[in-house]
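The values are calculated or read from the model by the stated rules, or taken from the named source; none is laboratory data. Note that the structure is a prediction, hence the values are computed from the model and not measured. Every residue, glycine as well, gets a Cβ built from its backbone with ideal geometry; the counts of neighbours run over all protein chains shown. These accessible areas exclude ligands, DNA and RNA; they are computed on the full protein's heavy atoms, side chains included. Shrake-Rupley method; radii C 1.70, N 1.55, O 1.52, S 1.80 Å.
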Amino acid sequence: MTKHLDRREFIQLAGLTTAGIAGVVFSSGLRGVSYAAAKGKAEDFMFLQMSDLHWGFTGPAVNPDAEVTLDKAIAHVNALPRQPDFIAFTGDLTHTTDDPQERRKRLAHVRDTVAQLKVKTHHYLAGEHDASLDQGEAFKEFFGKTHYTFDHKGVHFIVLDNVSDPKGMLGDEQLEWLRADLKQRDKDAPIVVLTHRPLFDLAPDWDWATADGAAAIEALMPYEYVTVFYGHIHQEHHQMTGHIAHHAATSLIFPLPAPGSQPKRTPLPWDPAQPYRGLGFREIEAEDKGARYVINELEVAKA
């Protein structure tokens, strides 16, 4: 099943959750890529978003396959008929541990395992499980900076860190860095923001928010073509803040309930009949023709 939504349809459906459905395509309706095309810089391209690997997690009732789920996802990605330009890992590469040595062991395992991917250009984000106990110290040893920018085929990517601060904040220094970077962009430049937590208040009582995320959204609001991709909530979710589209990704390890659907955000139980339901990664295509980003949700392993 493939569905293309124009901007009006997308806004009407924003906020609806369709987790676990493979092959459904959503269009953000953004025309930012056409800006770069007009300047002779844009090309169609595709990247993958993989999120919330939680390597080190154990919980048979939630995912008895936890030790091999990542390997299966890598095999699926390597078998894709079209390999992505790059892969963005949007946080929680590992499951939290109080032991600094074990934390580094888990980070090293992820680094070495994802090296098996055919595509070798990777961009990493920390999650709170990776970084909140040591302000990202161990993560930086293995994966580098926690906030940075890069450009790809006419699109400006901004990676934000809203997890190294245990209070779930970006902080004044990073916000000033963001504003300074944005000042260098034209107001109609195509911008993609990658972050772990949602920047808006999705479910603050479940820790599904960024304490000063509103300041980041305010800084981004003057820019016409902004799209945000994030993880953390372990499910597909789409929401608009003004003209800015926010898209959450599923996890590679266990799904979580829809925001506010139950008292606690406990992981959904493993279903042997549908073992990978709600788990997966996504393809994101930046299309020059039609000028939009298209999202294709894929399950963690081939059916």
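Answer yes or no as to whether Glu283 is open to solvent by 50 Å² or more (accessible area, probe 1.4 Å), in contact (Cβ under 8 Å) with a residue 24 or more places away in the chain and either among the acidic types (Asp, Glu) or at negative phi (or both).
no
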Q. How do the pairs read when you match residues in region 125-141 that are closer than 15 Å to Leu170 by Cα with residues anywhere that are in a helix (DSSP H, G or I), using Cβ under 7 Å and keeping only pairs 6 or more apart or on different chains?
A. Ala126/Phe139; Ala131/Phe139
Q: Would you check which residues across region 72-94 are within 19 Å of the chain's Cα centre (by Cα), in contact (Cβ under 8 Å) with a residue 60 or more places away in the chain and closer than 20 Å to Phe45 by Cα and list them?
A: His76, Val77, Pro84, Asp85, Phe86, Ala88, Thr90
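For the condition modelled with pLDDT of 95 or more and hydroxyl-bearing (Ser, Thr, Tyr), what is the one hit in Ser34, Ser51, Ser28?
Values: Ser34 fails: modelled with pLDDT of 95 or more; Ser28 fails: modelled with pLDDT of 95 or more.
Result of the check over Ser34, Ser51, Ser28: Ser51.
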Q) Going through region 95-112 one residue at a time, which ones are within 19 Å of the chain's Cα centre (by Cα) and open to solvent by less than 60 Å² (accessible area, probe 1.4 Å)? A) His95, Thr96, Leu107, Val110
Q: Take region 155-183 and flag every residue that is touching a strand residue (DSSP E or B) at 6+ places or on another chain (Cβ under 9 Å) and either open to solvent by 30 Å² or more (accessible area, probe 1.4 Å) or not in a loop (DSSP other than H, G, I, E, B) (or both).
A: Val155, His156, Phe157, Ile158, Val159, Leu178, Asp181, Leu182
**Q.** Conditions (1) hydrophobic (A, V, I, L, M, F, W, C); (2) crowded, with 19+ Cβ neighbours inside 10 Å; (3) at pLDDT 95 or above; (4) over 20 Å from Met50 (Cα atoms); number of the one not met by Trp206
**A.** (2)
Q.
Taking the conditions exactly as written (free of Cβ contacts under 8 Å to residues at least 40 places away in the same chain and hydroxyl-bearing (Ser, Thr, Tyr)), does Ser251 satisfy them or not?
A. no
